[in-house]
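Presented below is the structure to which this report refers.
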Amino acid sequence: RAKSAGGNRYEMADAEADARAITRHGLTTALPAALDRSEFFIEYQPLVHLGDGTVRGAEALVRWLHPQHGVLGPDRFIPLAEHTGLIVPLGRWVLEQSVRQAREWQERHKDKVGTGPLRVNVNLSPCQLTHPGLVQDTVDILERAGLEPDALCLEVTESALIGADDEVLKPLRRLAEMGVDIALDDFGTGYSNLANLRRLPVSVLKLDRSFTQGMQQFPADPVDLKIVEGIVSLAHGLDLTVTVEGVETGAQAEQLRLLGCDTAQGWYYARPGPPDRLHELALVDATG
Ligand code: C2E
Ligand code: MG
Ligand code: MG
Ligand code: MG
């Protein structure tokens with residue numbers, strides 16, 4: 001009996017694997033048309049200054065409204081888009097939309113004083129880094145929208161930059177020289193040599209969610225506290241700003257603030273949402 005149940009489970013797992021493979025294949029072939037049909041959309045998640053709690057900008061996170069499967073998160077289709085090369089036009093589309101959106105936020109909040117113009121963070125995949133059009137496309141997009149380069153932050157994962165040679169770093173350096181911020185995303189997951197940071201044209205460290213998870217209790221695990229404290233002091237010593245991802249509770253926010261982290265992002269503040277939500281969140285700060 002147990003054996004036959006096991007057998008059934010095995011068949012079921014097989015069928016699921018098949019279904020997943022079929023879906024993966026189906027999604028891959030549907031990707032190019034999806035871009036033409038405007039099935040992608042962007043949600044924005046606020047970036048909050050830990051010192052005063054004000055919203056300073058947002059990270060752009062792409063989604064796919066698939067006609068059969070509903071809303072798909074980036075983890076479902078970004079790897080496929082990277083594999084097929086569609087990530088280059090898709091990434092350019094995300095950048096263009098996000099930059100225009102940031103300009104619109106700034107227009108609507110230009111009377112807000114003290115915290116500076118709202119900014120936008122956009123994720124770059126490794127394929128975009130090696131694509132020769134990256135710098136010129138970014139310059140064109142910023143100019144067309146009328147957005148200052150320093151209102152844009154491009155996020156590159158630590159793993160994409162590990163072992164990157166100078167050819168790969170050159171476009172990032174040029175963007176950084178123009179005033180675009182470069183953030184090292186998911187920092188702490190890639191086992192990179194900390195001394196290596198000096199060589200990279202980055203101005204922001206985004207501490208991975210795994211560190212934030214260690215701060216769930218108050219007080220947090222003393223070893224976790226020491227590690228984050230060390231990273232923050234190293235980052236600040238190198239003139240880098242520290243952003244923390246995945247802040248889900250007030251206790252986490254408070255401990256990360258006490259550790260000297262600069263900016264936070266997470267469900268405690270807001271889930272990713274439509275662009276107009278950022279207006280409301282930023283306005284709340286301005287008035288009260
Ligand atoms: P990421 O850049 O590290 O983005 C943060 C992820 O953490 C997002 O997942 C966000 O929704 C999620 N998150 C934010 N706050 C919390 C929290 O408090 N708790 C938890 N558990 N999760 C939180 P999402 O939207 O599924 O994006 C996943 C990844 O997909 C991103 O990770 C990024 O690497 C990639 N991605 C998203 N949009 C783009 C894009 O336009 N281009 C490229 N190349 N990659 C993108
Ligand atoms: Mg990111
Ligand atoms: Mg991240
Ligand atoms: Mg992450």
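The values are calculated or read from the model by the stated rules, or taken from the named source; none is laboratory data. All values reported here derive from a predicted model rather than from experimental measurement. Every residue, glycine among them, receives a Cβ derived from its backbone with ideal geometry; neighbour counts consider all protein chains shown. Areas reflect the complete protein model, heavy atoms only, side chains present, ligands, DNA and RNA absent. Shrake-Rupley method; radii C 1.70, N 1.55, O 1.52, S 1.80 Å.
The table for this structure:
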quantity	calculated
Some residue of the range 146-157 being over 18 Å from G91 (Cα atoms) and among the hydroxyl-bearing types (S, T, Y)	no
Filtered residues of the range 121-135 (kept if outside any helix (DSSP H, G or I), open to solvent by less than 50 Å² (accessible area, probe 1.4 Å) and more than 16 Å from ligand 3 (Cβ to nearest atom))	G133
Which numbered condition E155 misses (of (1) part of a helix (DSSP H, G or I); (2) closer than 21 Å to L184 by Cα; (3) of a type in the set (D, E, K, R))	(1)
Some residue of the range 77-90 being within 16 Å of ligand 3 (Cβ to nearest atom) and under 17 Å from P32 (Cβ atoms)	yes
Residue count, the range 246-266 (criterion: without any contact (Cβ under 8 Å) to a residue 60 or more places away in the chain, more than 16 Å from ligand 4 (Cβ to nearest atom) and open to solvent by 40 Å² or more (accessible area, probe 1.4 Å))	3
Complete set of residues in the range 259-288 that are modelled with pLDDT of 95 or more, hydrophobic (A, V, I, L, M, F, W, C) and under 14 Å from D52 (Cα atoms)	C261, A264
Test for G133: is it within 30 Å of H49 (Cβ to Cβ) and among the small types (G, A, S)	no
Positions within the range 31-55 being part of a strand (DSSP E or B), under 15 Å from I87 (Cα atoms) and open to solvent by 50 Å² or more (accessible area, probe 1.4 Å), in sequence order	F41
Scope the range 65-120; condition more than 28 Å from V55 (Cβ to Cβ) and outside any helix (DSSP H, G or I); matching residues	H66, P67, Q68, H69, G70, G85, L86
Filter result (assigned to a loop (DSSP other than H, G, I, E, B), within 15 Å of ligand 1 (Cβ to nearest atom) and open to solvent by 10 Å² or more (accessible area, probe 1.4 Å)) within the range 196-221	V202, D208, G214, Q216
Extreme residue, modelled with the highest pLDDT, among residues of the range 150-167 that are under 20 Å from the mean Cα position of the chain (by Cα) and open to solvent by 30 Å² or more (accessible area, probe 1.4 Å)	D150
Subset of the range 168-189 (residues that are touching a strand residue (DSSP E or B) at 6+ places or on another chain (Cβ under 6 Å), open to solvent by 40 Å² or more (accessible area, probe 1.4 Å) and in a helix (DSSP H, G or I))	none
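To keep it simple, each residue is scored yes or no on (1) more than 16 Å from ligand 2 (Cβ to nearest atom); (2) touching a residue at least 40 places away in the same chain (Cβ under 8 Å); (3) not hydrophobic (A, V, I, L, M, F, W, C).
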position: D165; (1), (2), (3): yes, no, yes
position: Q217; (1), (2), (3): yes, no, yes
position: A220; (1), (2), (3): yes, no, no
position: I231; (1), (2), (3): yes, yes, no
position: D239; (1), (2), (3): yes, no, yes
position: Y268; (1), (2), (3): yes, no, yes
position: R271; (1), (2), (3): no, yes, yes
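So that you can scan it fast, the table gives a plain yes or no per residue for (1) at positive phi; (2) aliphatic (A, V, I, L, M); (3) in contact with a Pro (Cβ under 9 Å, 6 or more places away or on another chain); (4) free of Cβ contacts under 8 Å to residues at least 12 places away in the same chain:
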| site | (1), (2), (3), (4) |
| --- | --- |
| W64 | no, no, yes, no |
| F77 | no, no, no, no |
| P89 | no, no, yes, no |
| E104 | no, no, yes, no |
| K110 | no, no, yes, yes |
| G116 | yes, no, no, no |
